[in-house]
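Data first, discussion second: the structure below is written as structure tokens.
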Amino acid sequence: MAYDVKLFKLINGDMVIGKWDAANNKINDPAVLQTIPSQQGVQMMILPFGYPFDNEIEGEIDGRHIIYTYKNCPEDVSTKYLEASSNLTLSSGGLGGLGGGLGSGNISNISDLLKK
């Protein structure tokens, strides 16, 4: 079964990335995207939705809790999400200034993505 990796805003305000299952109207393997201001700009963390109690990216969120679906998900963010959720390393053409640190619990500078 193929899934589209998408970004969502939930009714509670959380920004979530996950595998959209349109047939069942739910997000599988959700992860929370948290932005953190720093002196270098904005940094982002990908954490399991159930963190700190769940340390793995797994579970599901029903589609009725989605208030907004982002039209685009940056390729670098979706690649890092897939790496974090599958524990595999995916090859890509580069991280466009991210430095490769955007992953499960890791922090990286994403201010370049936000400026585009």
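Points worth noting:
- Most to least packed among 73-79, 43-49, 8-14, 54-60 [average Cβ atoms within 10 Å]: 43-49, 73-79, 54-60, 8-14
- The aspartates and glutamates whose alpha-carbon is closer than 18 Å to the alpha-carbon of Lys71, local same-chain residues fewer than 8 away aside, are Asp4, Asp14, Asp21.
- Amide H to amide H distances under 5 Å link Gly59 with Asp29, where only residues 5 or more positions off or on other chains count and H is placed in the peptide plane.
- Computed from phi, the 3J(HN,Hα) profile of segment 44-60 under the Karplus parametrisation 6.51, -1.76, 1.60 (θ = phi - 60°) reads 9, 10, 9, 10, x, 4, x, 4, x, 7, 10, 9, 10, 7, 7, x, 8 Hz, with x in place of Gly and Pro.
- A crude spin-label estimate for the pair Ile67 and Gln40, with each label 7 Å from Cα along the Cβ direction, gives 3.1 nm.
Any read-out appearing in this document is the output of simple, stated calculations on the displayed coordinates, not a laboratory observation. Since the structure is predicted, the reported quantities are computational estimates derived from the model, not experimental observations. Backbone-built Cβ (ideal geometry, glycine too); neighbour counts: all protein chains shown.
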